[in-house]
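A short worksheet on the structure shown next.
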Amino acid sequence: MMKDMIRTERLRIESLDIQYLKDYFDGFNKEITKFQWPDPFPDMDSARNVLQGFLNEMKRGESLYFSVLSGSASFLGSVEIHGLIEDRPELGIWIVAGEQNKGYAKEALCAVLDYVRSKYDKKVFFYEADIRNKASMKLLHKLESDYEIIKHEFEAVTTDSGKELELQGYILKAL
């Protein structure tokens, strides 16, 4: 499988690699998942299984998973494009708690969106966030200069682990 690499002014964005397993396990914690469907990994084996599933999806061309790294190769988070074979792939992003509010999420997401738009000719995406997640809602609005953002479905759900989420979907159409 060919490795994708995207560079920005401050970031290296690489195809997910199992070498970042511990970083992913440590970073994808209770704080990060508070407003997300998934929960933190209960153990390293669970994290390994999930990441291996992601790698398998990538091999099949179904999704893209990227590790977001600083210029010095420190792990900062992840950007995902779920359902790459669909008409409107779903976006996912998270940045480790200690590195939030530095503009990394917008920089990484915009770079990946540009990449997917040019390499896969995708122009429409789906973004869903819990309306109480201020950072995710703020990120969405930072995309307004490049995308028409159309409010889609709202759904109040309870996850298998009992988290109550207030999910608002959005369609992003490239301008």
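The values are calculated or read from the model by the stated rules, or taken from the named source; none is laboratory data. Just so it is clear, the model here is predicted, and its values are computed rather than measured. With ideal geometry, Cβ positions are generated from the backbone for all residues, glycine too; neighbour counts draw on all protein chains shown.
Go through ILE13, ILE81 for me and flag whichever is modelled with pLDDT of 95 or more, surrounded by 17 or more Cβ atoms within 10 Å (Cβ to Cβ) and either over 15 Å from the mean Cα position of the chain (by Cα) or within 28 Å of VAL157 (Cβ to Cβ) (or both).
ILE81
Tell me, which strands (runs of 3 or more DSSP E) lie completely within the range 56-134 with 1 or more residues that are among the acidic types (Asp, Glu) and touching a residue at least 60 places away in the same chain (Cβ under 8 Å)?
Fully inside the range 56-134 and qualifying: 124-130.
Identify, by number, the condition in (1) within 15 Å of the chain's Cα centre (by Cα); (2) of a type outside the set (Gly, Ala, Ser); (3) modelled with pLDDT under 95 that GLU153 doesn't meet.
The failed condition is (1).
Which one of the conditions (1) in a helix (DSSP H, G or I); (2) out of contact with any Gly (no Cβ under 9 Å at 6 or more places or on another chain) does GLU148 fail to meet, given that it meets all the rest?
Status for GLU148: all satisfied but (1).
Residues of the range 139-159 being within 18 Å of ILE32 (Cβ to Cβ) and exposed (fewer than 13 other Cβ atoms within 10 Å of the Cβ), which ones?
Result: no residue meets the conditions.
What single numbered condition from (1) part of a helix (DSSP H, G or I); (2) free of Cβ contacts under 8 Å to residues at least 40 places away in the same chain; (3) of a type in the set (A, V, I, L, M, F, W, C); (4) more than 25 Å from GLU164 (Cβ to Cβ) fails to hold for VAL50?
(4)
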